[in-house]
Amino acid sequence: MIFGSLAFLIGEAGRNIRRNGLMSLAALGTVTIALTVLGGTLWTTFRMTEFVRSQPEKFNRIDVFLPPKAEREKAQDLLEKLSKTPEVKAATLVTREEAWRMMEQNQPVLTQAVEENPLMDKLEVEMKEASKVSQFAQLLRDKAEYPDIDRVTDAGEEVRNLLNISRLIRIIGGGLAIGLFIATLFIIHNTIRLTVFARRKEIIIMQMVGATPGFIRLPLLLEGLFHGMMGGVIAGVLILYAGKLVSQFVTSVHSPLIGEVPTLLSPSAVFNIIVVTGAFLGILGSHLAIRRFLRQL
Amino acid sequence: MIELRGVGVTYSNAWRALSNVQLKIDKGEFVFVVGSTGAGKSTLLKLLSREEVSTDGTITVNGQDLKHLPLRDLPAYRRKIGIVFQDFGLLPNKTVYENVAFALQVTGATRQTIRRQVPHVLDLVAMSHRPDAFPNQLSGGEQQRVAIARALANEPFLLLADEPTGNLDPETSLGIIQLLNHINVRGTTVIVATHDHAVVDFLQRRVIAFEQGGLVRDELAGSYRATETQTETQEERA
């Protein structure tokens, strides 16, 4: 009997969706738009955070220049010293001859115009932590400690800015997520309340023929679940498609800053999260709408 | 079976819909409730269907105190009574068969029971020839017959009808009232609230009349208008 009733209630929800086609369509459209905005904003925030977080890794290098025509021995000594420093991941010597050869290949016009190699020996120092770059570069600039170093360049300021942006995005994104979640819940709740209100006569009749509150509630909850899930599916497809278009655009830019940023969320995970969120919001919105409506009767 | 003792209903705006009503209705009776608009007819029926709760007095139906009926027991109580509305109250998106079956489905009845009972009650109200029609494809009289079939689906001991002929022409109204009479003859207690002189005078059954929330007349075989020789107050009956 329980399975019979359950099958009836599921069938009832299906019939209601089909027979109240226009209202269902309106509810589905509203839920889809709300979920697209919520999902799109959250995913964008997440990807921006991932992107910004990955940027300092590209700035964890310090270039150490030795004076022009410095003795190679000094460069080797410095290389050895820096390699043994705990904060340093790796250090490489790029001699002025190697640098000249690369320049000849990359910018032949420029090298032809210059008679003598003006370049300096350079040590490329890769740091273990991007956040230490600025501090370590400052240390290398101390002439008393490192008298053989002519000039030190690092991306300390850029690193600091990016880390600040990353923090800001997390805060704004978190706030937006909470705000949009509540707004979406409110929209879905109101939409389902409208569908419930449109069927108030039906609900009163159900009550008068002896339907239990659970019996009245379940088909409406299932309708909410359907609208939430379907809205989630459509919103998921829209968001992933928009993501693909953005990704194609970013790739076409060929900026050295914007490479392939690895993500923790695969497209299928993003899709599943949106559908599950839609289902959850659909059920919760229905529950709140029905509870309020049944209380008013 | 039904007993009201000192029943009063006062709404939040201080409107007194019913005042000190004493009434007893036995099993198997057919009762017309008459009175002008706002006299208290519908309020009485709403109290019996437990849509409203009295502010004073007690109402017992089949030994159940309606004022203190727990909400969780309300669906079970409603399944034992049948309710017929003036506007028929059919679900517009369901067919005739589905509307009647619905009253059984909410009780968790088996498919076999539904398949047996729905044709039976549709036959009883002479609507078995249009099971697949939707309400908007039926005349007013046919819709009311379907509503009565739905009310009978769970074999109620009490049938409450609030202005069942209010939206029907005189001829159709007589047909509906004859149907209700037939149901009463089969053993169901029937209470009909109505403005319709013709149907009350046609059947000549018990009539109780309300005025400004008070029960002013109770005749065993009455007509819509009071006749001095037939007037018998509730106190005299008691």
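Please report B:S223, B:S12 as a ranked list, fewest other C-beta atoms within 10 angstrom at the top and most at the bottom.
Arranged by neighbour count, lowest to highest, B:S223, B:S12 become B:S12, B:S223.
Sort B:K27, A:K143, B:K46 so the one with the fewest other Cβ atoms within 10 Å of its own Cβ comes first.
Lowest count first: A:K143, B:K27, B:K46.
Going toward the positive end of the dipole of the stretch A:61-128, with +1 on Lys and Arg Cβ and -1 on Asp and Glu Cβ, which of A:S83, A:P108, A:F65 do you reach last?
Towards the positive end, the residue furthest out is A:S83.
For the stretch B:88-155, what are the per-bin percents of Cα-Cα distances with bins 10 Å wide, up to the bin holding the maximum?
25, 60, 15, 0
To the nearest 10 degrees, how steep is helix B:170-185 against the longest Cα principal axis of chain B, on a 0 to 90 scale?
Helix B:170-185 sits at roughly 90 degrees to that axis.
How many lysine pairs are close in chain B, with Cα atoms under 28 Å apart and the two 8 or more places apart or on different chains?
Close lysine pairs under the 28 Å cut-off: 15.
Which ³J(HN,Hα) values in Hz, rounded to whole numbers, follow from the phi angles of the stretch A:223-230 under the Karplus curve 6.51 cos²θ - 1.76 cosθ + 1.60, where θ = phi - 60° and Gly and Pro get x?
Karplus-based 3J(HN,Hα) across the stretch A:223-230 equals 5, x, 4, 4, 4, x, 5, 5 Hz.
Check each of the trypsin sites (Lys or Arg not before Pro) in the stretch B:61-104 and keep only those in coil by DSSP with at most 15 other C-beta atoms within 10 angstrom; list them in order.
Within the stretch B:61-104, the qualifying trypsin sites (Lys or Arg not before Pro) (loop, at most 15 other Cβ atoms within 10 Å) are B:K80.
Quick one: helix A:96-106 against the long Cα principal axis of chain A, what's the angle to the nearest 10°, folded into 0 to 90?
50 degrees
Among the DSSP beta bridges whose two residues both lie in the protein assembly as shown, what percent are antiparallel, rounded to the nearest 5?
About 65 percent, rounded to the nearest 5.
Give the dimensionless ratio obtained when the Cα radius of gyration of chain A is divided by 2.2 N^0.38 Å.
In units of the 2.2 N^0.38 Å rule of thumb, it is 1.64.
Over chain B, what per residue volume does the convex hull of the Cα atoms give, in whole Å³?
Per residue, the Cα convex hull of chain B comes to 126 Å³.
Along the charge dipole of chain B, which of B:N62, B:A101, B:L18 sits closest to the positive end, that is, farthest toward it, with unit charges on the beta carbon of Lys, Arg, Asp and Glu (+1, +1, -1, -1)?
In chain B, that residue is B:A101.
Below 8 Å between Cα atoms, with a sequence gap of 6+, how large is the relative contact order for chain A in percent?
Here the relative contact order equals 29 percent.
Based on C-alpha coordinates, I'd like the Rg and Dmax of the stretch A:84-212, in Å.
32.4, 102
Based on alpha-carbon positions alone, could you give the equivalent ellipsoid semi-axes of the stretch A:1-134 from the gyration tensor, as √(5λ), descending, whole Å?
68, 21, 11
Residue farthest toward the positive end of the dipole of the protein assembly as shown, with Cβ of Lys/Arg at +1 and Asp/Glu at -1: which of B:P92, A:G232, A:L221?
B:P92
List the pair-distance distribution P(r) of the stretch A:166-219, using every Cα-Cα distance, as the percent of pairs falling in each 5 Å bin from 0 up to the bin containing the longest distance, rounded to whole percents.
Bin by bin from 0 Å, the calculated values are 5, 16, 15, 14, 10, 9, 8, 7, 6, 4, 3, 1.
For A:T263 paired with A:E145, estimate the spin-label separation in nm (one decimal), with each label point 7 Å from Cα along the Cα-to-Cβ line.
4.2 nm
Quick one: how many lysine pairs in the stretch A:61-128 have C-alpha atoms under 13 angstrom apart, if they're 8 or more apart or on different chains?
Final tally of qualifying lysine pairs is 5.
In whole angstrom, how far apart do the alpha carbon centroids of the stretch B:18-84 and the stretch B:113-154 sit?
Between the Cα centres of the stretch B:18-84 and the stretch B:113-154 lies a distance of 25 Å.
Can you give me the orientation-averaged projected area of the convex hull built on the Cα atoms of the protein assembly as shown, in nm²?
Orientation-averaged projected area of the Cα hull: 38.6 nm².
Could you work out the mean projected area of the convex hull around the alpha carbons of the stretch A:61-128, in square nanometres to one decimal?
Approximately 4.7 nm², given one-decimal rounding.
What's the angle, to the nearest 10 degrees (0 to 90), between helix B:96-105's Cα axis and the longest principal axis of chain B?
On a 0 to 90 degree scale, this one is about 70.
With +1 on the Cβ of every Lys and Arg and -1 on the Cβ of every Asp and Glu, and nothing else charged, how large is the dipole of the stretch A:61-128 about its Cα centre, in debye rounded to the nearest 20?
280 debye
Bear in mind that the values in this text are calculations on the coordinates, not laboratory data. What you see is a predicted model; the values in this text were computed from it and never measured. Here Cβ is always computed from backbone atoms with ideal geometry, including for glycine, and neighbour counts include all displayed protein chains.
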